[in-house]
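**Student:** Sharing a structure here in structure tokens format.
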Ligand code: ZN
Ligand code: MN
């Protein structure tokens, strides 16, 4: 018998981020091994030979502190490395140097916004460790080990079980990846394994008073039902799909048995769309953690931590806020802009150039006053021309942002803003700028694409068209509104395309009553 139940998802993520330091975590081998032939960036230390000594990578430690601060973590004064024991062919020492009870960062959070709603996902801890080697299996049943990846620096970030939906998990991962890129500590490319994610999920019945269900935090010491850990999530989509599948599977068990699924277990995500049992999860004491005797404890002086904090770059969330407040972009455009630091800086330069143009073209007031007064219109123009038309044109021509200067882009937008060119011709000018590199005004003049007709000239032509087409005017006035487009077309023809079609339509409508 199945009983419908109101269940709440309790999701936590464990993310590994590969740091892009020059050398590995505990030796001086190159950290670029993924681009080099197998087993060429190795030495006795990262191959785990007896008698070798690990020397921690300072840059990796500093970047971990930086990342932890960016995730709003506290940095305890002391931190240390521990040995985590397990045997596997990708781990020649039979232990991994990791951190157990004194991680680099604790008690942080990362805020995400999903469907306009803010959610704060708490970060339980951030620690530093070395990666294992890479195992490769062929279809003849043979396996190979590439030790280039062995000993490369990894940050492990563990969230609290604050995530409630697969979409939130996906958004959290995207925001985390972007933050790592802004910090410049990792390429965070999921496909290349620079960012790897495991997800933990259990469910629990909601109490009857939880209507409508609101996400509630798991309280300290509260016992949750056995969780499933899903491994091998190598894309945002895989993470979302695997969680959705697991919610479906666990819901079914709850509804059929009235109880939580099973003992704590690990399942792998299979691209065919299922999670598959892998093993029953080890407990921490199976790893026999003990302090790494060959590395001294780390001591982070408050002054040093403050200095790192002061040097943090602007993070994506802050950048979005600034583009909304300072420049008047809407939140959707601000989000698109924030996805790419180069795009954000391009937009910012376009805005500043645009102000220069407006100021020097006789618009009244200082640059800031002009912007403040026309913020809504200007930010909409910039968003439309840069995010949609320019990015579209670059894509079509297989070109990049570096193929156009912010100066030229701002000049083009100024011409549109001042109605010196209509948008069809402006788009033509844009592709010409991309191919020739000439300035928009030069192109407009040499190709005669300008909109020379002001209100007066236009009115004369419109009056003539009305007089020349009595039949169509009659039809329009008796309710056949589609005829208006024909008349607009006649005016555009008369002006050789140099009028603004929207303005023509307005004027025609007014004259025809
Ligand atoms: Zn090495
Ligand atoms: Mn780990």
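**Student:** Could you please let me know if residue 90 is within 15 Å of ligand 2 (Cβ to nearest atom), farther than 30 Å from residue 312 by Cβ and surrounded by fewer than 19 Cβ atoms within 10 Å (Cβ to Cβ)? Before the answer, list the steps.
**Tutor:** Numbers: within 15 Å of ligand 2 (Cβ to nearest atom): yes; farther than 30 Å from residue 312 by Cβ: yes; surrounded by fewer than 19 Cβ atoms within 10 Å (Cβ to Cβ): yes.
Taking the combined requirement at face value, the residue satisfies it.
**Student:** So, one more: Could you tell me how many of the residues in the stretch 15-28 are surrounded by fewer than 17 Cβ atoms within 10 Å (Cβ to Cβ) and more than 16 Å from ligand 1 (Cβ to nearest atom)?
**Tutor:** In the first step, residues of the stretch 15-28 are kept if they are surrounded by fewer than 17 Cβ atoms within 10 Å (Cβ to Cβ); the result is 16, 22, 28.
After this cut, where a residue has to be more than 16 Å from ligand 1 (Cβ to nearest atom) as well, the list is 16.
Total meeting the criteria: 1.
**Student:** Residues that are free of Cβ contacts under 8 Å to residues at least 40 places away in the same chain and surrounded by fewer than 14 Cβ atoms within 10 Å (Cβ to Cβ): list the helices (runs of 4 or more DSSP H) wholly contained in the stretch 405-484 that include at least 2 such residues.
**Tutor:** Values: elements: 406-417, 423-436, 440-446, 455-468, 470-477.
Fully inside the stretch 405-484 and qualifying: 423-436, 440-446, 455-468, 470-477.
**Student:** Within the group 76, 56, 92, which residue is assigned to a loop (DSSP other than H, G, I, E, B), within 16 Å of ligand 1 (Cβ to nearest atom), closer than 29 Å to residue 179 by Cα and touching a residue at least 40 places away in the same chain (Cβ under 8 Å)?
**Tutor:** Numbers: 76 fails: within 16 Å of ligand 1 (Cβ to nearest atom); 92 fails: closer than 29 Å to residue 179 by Cα.
Only one candidate passes the filter, namely 56.
**Student:** Among the numbered criteria (1) under 28 Å from the mean Cα position of the chain (by Cα); (2) within 16 Å of residue 98 (Cβ to Cβ), which one does residue 48 miss?
**Tutor:** If we test residue 48 against (1) under 28 Å from the mean Cα position of the chain (by Cα); (2) within 16 Å of residue 98 (Cβ to Cβ), just (1) comes out false.
**Student:** Follow-up question, since we're still on this one. Return the total of residues in the stretch 157-187 being within 16 Å of ligand 2 (Cβ to nearest atom), crowded, with 20+ Cβ neighbours inside 10 Å and not in a helix (DSSP H, G or I).
**Tutor:** 3
**Student:** Just checking, does the stretch 107-118 include any residue being surrounded by fewer than 20 Cβ atoms within 10 Å (Cβ to Cβ) and either within 16 Å of ligand 1 (Cβ to nearest atom) or in a loop (DSSP other than H, G, I, E, B) (or both)? I'd like the intermediate steps shown before the answer.
**Tutor:** If we filter the stretch 107-118 for residues that are surrounded by fewer than 20 Cβ atoms within 10 Å (Cβ to Cβ), which is where we start, we get 107, 109, 111, 113-118.
Cutting the leftovers down to either within 16 Å of ligand 1 (Cβ to nearest atom) or in a loop (DSSP other than H, G, I, E, B) (or both) gives us 115-116.
Checked the stretch 107-118: at least one residue is surrounded by fewer than 20 Cβ atoms within 10 Å (Cβ to Cβ) and either within 16 Å of ligand 1 (Cβ to nearest atom) or in a loop (DSSP other than H, G, I, E, B) (or both).
**Student:** Residues that are at pLDDT 80 or above, within 30 Å of residue 382 (Cα to Cα) and in contact with a helix residue (DSSP H, G or I) (Cβ under 8 Å, 6 or more places away or on another chain): does the stretch 290-313 have at least one?
**Tutor:** yes
The values are calculated or read from the model by the stated rules, or taken from the named source; none is laboratory data. Just so you know, these numbers come straight off a predicted model, no measurement behind them. When we count neighbours, we look across all protein chains shown, and the Cβ atoms used for this are built from the backbone with ideal geometry, even at glycine.
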